[in-house]
Amino acid sequence: MYSASNGMKYGLAVSKSIGDWSDTSTPISVSQTYANQGKTAVFRYHLSNLGNSVLGRTYHYKTLTLPSQLVSPTTDGKLTSNYSWTAIYLNGALMDNLSYTVPDMAEVAAHEFGHAVGLSHRNTQPHSIMCQTAYGRTASVPATTDAIAVNHLYN
């Protein structure tokens with residue numbers, strides 16, 4: 001579910017990022033519907049000012065009922081327990097300052113969605129959407145290896 005007060009542009013970026021994950025040569029099934037039962041994961045996108053250098057941030061929570069306990073990752077990015085829902089924050093102010101286009105924003109949203117489904121950074125692999133931009137990411141959409149990693153986590 002996309003919730004933001006200022007922008008169709010950001011909604012288009014979120015939709016594109018989800019489509020990019022679904023369009024890999026090893027597809028994963030992703031939808032934009034809000035569900036809160038069974039084994040369905042809930043992903044919420046928000047616009048937020050995260051400071052001058054952070055484009056996006058993802059938080060995982062244990063239960064669907066609020067208040068929900070935050071699941072903290074280890075220093076290498078591994079999650080310490082299962083989670084029920086994820087909040088993905090995109091830094092709209094910074095992306096506007098950097099004149100990001102919808103595809104640029106979709107790249108950030110796709111990277112954060114990778115975290116939402118349990119992937120950590122792959123900073124030694126610039127072809128992966130999970131490589132941080134500061135480490136020279138060349139990928140603009142999820143690579144097949146990214147989708148394989150997601151499918152490995154859930155199969």
* Subset of region 90-139 that is of a type in the set (F, W, Y) and within 24 Å of T75 (Cα to Cα) - its residue that is surrounded by the fewest Cβ atoms within 10 Å (Cβ to Cβ) -> Y135
* Structure fact -> Among residues of region 44-88 being in contact with a strand residue (DSSP E or B) (Cβ under 9 Å, 6 or more places away or on another chain) and among the β-branched types (V, I, T), the residue farthest from K9 (Cα to Cα) is T80
* Structure fact -> Of the residues in region 77-90, those that are within 24 Å of E107 (Cα to Cα) and more than 17 Å from the chain's Cα centre (by Cα) number 0
* Asked: What residue, among those in region 104-140 that are part of a loop (DSSP other than H, G, I, E, B) and of a type in the set (V, I, T), is modelled with the lowest pLDDT?
  -> V117
* Which numbered condition T101 misses (of (1) over 18 Å from K16 (Cα atoms); (2) modelled with pLDDT of 90 or more) -> (1)
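Residue-by-condition table, conditions (1) modelled with pLDDT of 80 or more; (2) within 12 Å of the chain's Cα centre (by Cα); (3) within 18 Å of E107 (Cβ to Cβ):
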site	(1), (2), (3)
L47	yes, no, yes
L55	yes, yes, yes
V71	yes, no, no
T75	no, no, no
G92	yes, no, yes
* Being surrounded by 13 or more Cβ atoms within 10 Å (Cβ to Cβ) and not in a helix (DSSP H, G or I) is the filter here, so list the residues in region 141-155 that pass it. => V141, P142, A143
* To do: Can you run down the residue pairs with Cβ atoms below 9 Å, 6 or more apart or on separate chains, where the first is in region 123-136 and within 17 Å of S53 (Cβ to Cβ) and in contact (Cβ under 8 Å) with a residue 12 or more places away in the chain and the partner is open to solvent by 50 Å² or more (accessible area, probe 1.4 Å) and not in a loop (DSSP other than H, G, I, E, B)?
  => N123/A134; N123/Y135
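The values are calculated or read from the model by the stated rules, or taken from the named source; none is laboratory data. Keep in mind the model is a prediction, meaning the values are calculated, not measured. Note that each Cβ is placed from the backbone with ideal geometry, even for glycine, and that neighbours are counted across all protein chains shown. Areas reflect the complete protein model, heavy atoms only, side chains present, ligands, DNA and RNA absent. Shrake-Rupley method; radii C 1.70, N 1.55, O 1.52, S 1.80 Å.
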